[in-house]
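Coordinate-derived values only; no laboratory data. Just so we're clear, the structure is a prediction, and the values are computed from it rather than from any experiment. Cβ placement follows ideal geometry from the backbone for every residue including glycine, while neighbour counts extend to all protein chains displayed.
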Amino acid sequence: MIRRPPRSTPKPSSAASDVYKRQSFGPASALVQIVEFSDFQCPFCEQLPGTIDQLKEIYGDEVRVVFKDYPLPNHPQAFKAAEAGLCANLQGKFWELHDRMFESQDALEVEDIKRYAGELGVDQAAFDTCLDSGQFSGDVNADLRAGQDYGVSSTPTVFINGRAVLGAAPIALFQQIIDEELERSSR
């Protein structure tokens with residue numbers, strides 16, 4: 001399903017903006033911006049990283065992917081997992097922990113997440129302090145508010161140059177929209 005977001009799209013705070021820069025792949029100047037709102041405990045969200053990886057491979061520098069957290073209230077470990085991703089981001093390990101948490105959705109208690117981060121080679125003490133302190137809870141809440149302003153009500157929700165794709169849609173749908181956006185930008 002595709003829908004358009006409201007005309008006015010929210011801007012993250014400058015602190016959150018710095019975090020988002022680290023949670024992205026592709027150049028900021030890419031013709032197609034893909035913004036993903038996701039939840040680490042969402043079973044449908046677990047399907048999306050493979051699709052996104054294929055799109056990055058197909059389109060290269062023509063796309064930029066930005067990950068934003070949207071932990072749903074019915075997923076009790078999702079909020080802390082979102083914070084963990086941002087803590088890992090401080091050490092350049094966001095995408096590695098992102099992948100590990102999606103692979104381990106049935107084991108996302110804080111101690112599990114700390115173990116995964118340690119296995120990825122983070123500075124364990126710094127990571128644990130960050131996660132235990134709730135340092136990024138405000139950033140996760142900012143993502144939630146931004147998602148709500150965009151009209152996100154379920155995960156995953158992906159915006160491709162502002163065009164919403166709801167759920168774990170087939171790659172063909174993503175390609176269709178990206179191709180249309182690339183065509184539009186070449187006019």
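Remarks
- Environment charge at Thr51 (Cβ cut-off 12 Å; Lys +1, Arg +1, Asp -1, Glu -1): -3
- For region 86-166, the Kirkwood estimate of hydrodynamic radius, built from reciprocal distances between every pair of different alpha carbons, is 14.1 Å.
- Shown in residue order for region 128-138 are the 3J(HN,Hα) couplings computed by the Karplus curve 6.51 cos²θ - 1.76 cosθ + 1.60 at θ = phi - 60°: 4, 4, 4, 5, 5, 7, x, 3, 10, 4, x Hz (x for Gly and Pro).
- By DSSP, the beta bridges lying fully in region 19-119 are antiparallel in about 20 percent of cases.
- Candidates Ile160, Ile58, Ile177: whichever shows maximal mean-square fluctuation once the chain is modelled as a Gaussian network with Cα springs under 10 Å: Ile58
- Kirkwood radius, region 115-162, all distinct C-alpha pairs, inverse of mean reciprocal distance: 13.1 Å.
- Computed across the chain, the Kirkwood hydrodynamic radius from all distinct Cα-Cα pairs reaches 16.7 Å.
- Beta bridge orientation in the chain: antiparallel %, DSSP, nearest 5: 65
- Lysine pairs in the chain with Cα atoms under 18 Å, if 8 or more residues apart or on separate chains: 11
- Residue with peak Gaussian network fluctuation, the chain [Cα springs, cutoff 10 Å], from Asp61, Asp139, Asp69: Asp61
- Listed residues Ala164, Ala107, Ala78, most fluctuating in the chain (Gaussian network, C-alpha, under 10 Å): Ala107
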